[in-house]
Every structure is written in C-alpha cells, then in structure tokens.
Amino acid sequence: MGLIVQKFGGSSVADAERVFRVANRVVDTYDEGNDVVVVVSAQGDTTDDLIAKAQEINKNASKREMDVLLSAGEQISMSLLAMAIEKLGRPVVSLTGWQAGVNTDINYSKARIKRVVGERIHHELDKKKIVIVAGFQGINKFDDITTLGRGGSDTSAVAIAAALGADLCQIFTDVTGVYTTDPRIVPEARKLNEITYDEMLELASAGANVLHNRSVELAKKFNVNMEVLSSFEKVPGTIVKEENTVEKMLIRGIARDNDVARIALVNIDDTPGKAFQIFSILAKKKVNVDVILQSIGRDGSKDISFTVSSDDLETALNIINENNAIIGAEKVIHDENVSKVSVVGAGMTSNPGVAALMFEALYDAGINIQMISTSEIRVSVLIDRKDAEKAVKAIHDKFELNN
Ligand code: ADP
Ligand code: ASP
Ligand code: MG
C-alpha cells in the first residue's frame, strides 16, 4: 500500500476501449489499497490535429493562444477516463493543471514546472478518490495556461510524484519498456530491465522520445522511483534509477534525432570573440545550439557550423542574417536533411574505443560523418537523414546489443 502516480500516454487512451482498459488498470491499483493519482495525455493524434486546426486559422498564432488550444486535448482525456472509472463504481475526480496546482514559468509552449502545490490533490486523496490530472499543462503567474513542450505529460507525472512524495511513478506507454533502441527502427532491439537516470537522460535528450527528457531530470533530482511499462501487456517494464545499483554495461542504447538542422557560417574572420558573438546573439533569442564544429583557421578565415532543432532553424537563420554585418560570414548555408545518432552508456567512461567502434560501423555501412560531439557517457554523430535508420541498425549490430 502506498501512493502511486500512473501516467498514460496518447496511444494508451486513444479510443473508448483503451480508456476502459486504462480505467481497469487504475482501479486494480486502487483496489489493492493504494492512493492513485493518474496523469493523462491527449488521445491519439489529438495534439497534432489541434495544431493543424490552428494552422487553418492563423499560421502565426500567438504561443499563448496555442497553449489554450492544446491544453484542451488533455482535458478531454481526463474527463473521459473519469467517466469510465465512475462507470466501474469507484470514486474519482479529474483536475486540470491549474486545479492540481501545477505552477510553471511564463514560457508559453515550453514552460518549465516551478512548483506543484499538492493541497487539492491531497484533499481529494483523503476523501479516498482516484485523482486524474491533465498532463502537459500548468498555469503561470499571470493565471494563463501554459504547456510543457511535446511529450511533456511524462514531466507532469514525475513533478506530481515528486511533490506528493509518491512511492512510485509508472509511465505506461505503447512499448513494454525502454529498449536498446527504438524497437520501431530495429525490431531486434532488447528491452532493458534497468537503466540509470543519467543514461536515460542522455538517451531522451538525444531523441529517444519514450520519455520526455525533463521528466528524467526531475526524477533524478528528486529521486523518484520511475518505471516505464506497457499499458497493453501486463509484463515487467524498465526501472530508471540511481547508477550504483544498476549493472554496468558498455553501451546501454542508441538514439536517433530527426528534429535537427545544420547551419554553417563560411569564411568568417579568424579573430578572437567570433564564437562568443554568434552564440550570445542566438542565446539571447532563446535558440538552443547543440553540436558545434569550428574549422582550423586558414588565410585568416575559418568556418563555424552548428546544429539547432528544426523548429528553431528559421529563427536562427533570421538572427544570423540580421547580424551578419557584425559576424561577417561570406556565406550562410543550412541543411535540414540531417539526423543525429547517439550511443549512450555509463560504461564508456572507463572503456576507450566506443567511438572507434561506432565509426567503424558507420564506415562499414558506407555512411559519411558530418559532425561529432561527445559527453562523458555519449558519442553523437551528425549524418545525412536518409542514412539514419541504416546507421542505427549498423551500430546496434556492431555493439551486439540484441543479445
Ligand atoms: P506516449 O504517447 O505513451 O507518451 P511516445 O510515442 O511518446 O508514447 O513514446 C513511446 C515511443 O517511443 C515508442 O512507441 C517508440 O517508438 C519510441 N522509442 C524511441 N526510442 C525508444 C527506446 N529506446 N525504447 C523504447 N521506445 C522508444
Ligand atoms: N499531448 C502532448 C503531445 O502530444 C503531450 C504528451 O503527449 O505528453 O505532445
Ligand atoms: Mg511520450
């Protein structure tokens, strides 16, 4: 008996049958004597459909109004699930983000949770109710609705679990756990029984969208027991936890990120302060830069290339063109047809040779590397998008991750 937070993703609540399946699962946990808080995402493709609807009306709609619109998706799910649980005869209440006390900063569309005031949820739990909370949304200091970025319901669940001091946060989804890579790209991918917070954070940040990266960051910070599991099959999932209790492996998994674009500034003066100039202008406009490559200077000039998320490409190009009088690039070129492929594993800190093996796999597959970046437990390469799935398969094979 304890307090359990259960989060169900969009495909898990996509239609009436699935809503009832989820309702039964929640009721089972409740009937075992637990306090249960459920976080839901919007049904199926609802969020994408709402974005398309907005585009029909105004392609430049404000982020504030987009958040008002998109938050409606989760509100539909929470009420439908509550109705299903009512039908199963258990006490239940659904709450929006603001009713549940999810306070965020002011950044519409990418808000970060600052605090969850758990009073209302506690009050409902005290009345022995199952509490359902709309994921992906909160409220800012202007009493405006905010959303947390695509995939953000995972983060709602972990933040609520942390605030309530829950014993467990279960993320139910359409796969049976975290795999060595996306099982939709590599069917032979293997389910992991355990993964460390750090490895999961690197994988999620590198494009493994099975968990929202911010959710893992919060889980690590507040030591939330986290489990990723299937909402369709009753089989054990993957536990995300502290490093010292997880069996060390050289490589835990591979991620692919298609949400990336490359910008190159060609022939800029090889003088000190150029990188500072470029990246501080971008940072001021909240454009996140990821992989950076600077060439060696020749004849007094050099090139700087970097990647941004696809969403930020247009903004980044505008900023650079507006400021090119100061930056002084002879040419600004960009490429949207790129992907980032990363290998992640805590074991690589003590084992050299991971990068070499990864590059060998790419060489064998005839794939050219455009850029490279590393962290303590990750090696990433930027490659042509058409090669991305082939690269993931080749690297997965090379590291023998299927066995
Ligand atoms: P939900 O709607 O439940 O939040 P998501 O679509 O956000 O589900 O996340 C689940 C999907 O993540 C899976 O269907 C799978 O295609 C993808 N995925 C990417 N990388 C991995 C991985 N390493 N392990 C498992 N699933 C992964
Ligand atoms: N419904 C939102 C999305 O599609 C949030 C989520 O699914 O977690 O991105
Ligand atoms: Mg998700």
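Summary table
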| read-out | value |
| --- | --- |
| Given (1) away from ligand 2 (no atom under 16 Å from the Cβ); (2) within 21 Å of residue 154 (Cβ to Cβ); (3) of a type outside the set (Phe, Trp, Tyr), index of the condition residue 113 fails | (1) |
| Selected residue (criterion: farthest from ligand 3 (Cβ to nearest atom)) from residues of region 119-165 that are surrounded by fewer than 17 Cβ atoms within 10 Å (Cβ to Cβ), among the acidic types (Asp, Glu) and in a helix (DSSP H, G or I) | 126 |
| Test: residue in region 334-347 that is open to solvent by 20 Å² or more (accessible area, probe 1.4 Å), touching a residue at least 60 places away in the same chain (Cβ under 8 Å) and either among the aliphatic types (A, V, I, L, M) or not in a loop (DSSP other than H, G, I, E, B) (or both) | yes |
| Tally, over region 278-308, of residues that are exposed (fewer than 14 other Cβ atoms within 10 Å of the Cβ) and either over 17 Å from residue 371 (Cα atoms) or touching a residue at least 24 places away in the same chain (Cβ under 8 Å) (or both) | 10 |
| Wholly enclosed strands (runs of 3 or more DSSP E) of region 1-106 bearing at least 2 residues within 22 Å of residue 127 (Cβ to Cβ), touching a strand residue (DSSP E or B) at 6+ places or on another chain (Cβ under 7 Å) and more than 16 Å from ligand 2 (Cβ to nearest atom) | 3-8, 35-40, 92-95 |
| Count - residues of region 248-307 that are in a strand (DSSP E or B) and farther than 19 Å from residue 208 by Cα | 18 |
| Tabulated pairs, region 205-219, first closer than 21 Å to residue 379 by Cβ and free of Cβ contacts under 8 Å to residues at least 40 places away in the same chain, second open to solvent by 40 Å² or more (accessible area, probe 1.4 Å) and within 11 Å of ligand 2 (Cβ to nearest atom), C-beta under 9 angstrom, 6+ apart or interchain | 213/151 |
| Qualifying residues in region 208-225 (those that are in a helix (DSSP H, G or I) and of a type outside the set (D, E, K, R)) - the one nearest to ligand 2 (Cβ to nearest atom) | 215 |
| Condition check for residue 211: open to solvent by less than 30 Å² (accessible area, probe 1.4 Å), modelled with pLDDT of 95 or more, under 18 Å from residue 11 (Cβ atoms) and touching a helix residue (DSSP H, G or I) at 6+ places or on another chain (Cβ under 8 Å) | yes |
| Residue among 221, 191 that is under 18 Å from residue 399 (Cα atoms) and open to solvent by 40 Å² or more (accessible area, probe 1.4 Å) | 191 |
| Given (1) open to solvent by 40 Å² or more (accessible area, probe 1.4 Å); (2) in contact (Cβ under 8 Å) with a residue 40 or more places away in the chain; (3) within 16 Å of ligand 3 (Cβ to nearest atom), number of the condition residue 75 does not satisfy | (3) |
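The values are calculated or read from the model by the stated rules, or taken from the named source; none is laboratory data. No experiment lies behind these values; they were computed from the predicted model shown. A quick note on method: Cβ atoms are made from the backbone with ideal geometry, for glycine too, and the neighbour counts reach across all protein chains shown. Note: areas computed on protein heavy atoms with side chains; ligands, DNA, RNA excluded. Shrake-Rupley method; radii C 1.70, N 1.55, O 1.52, S 1.80 Å.
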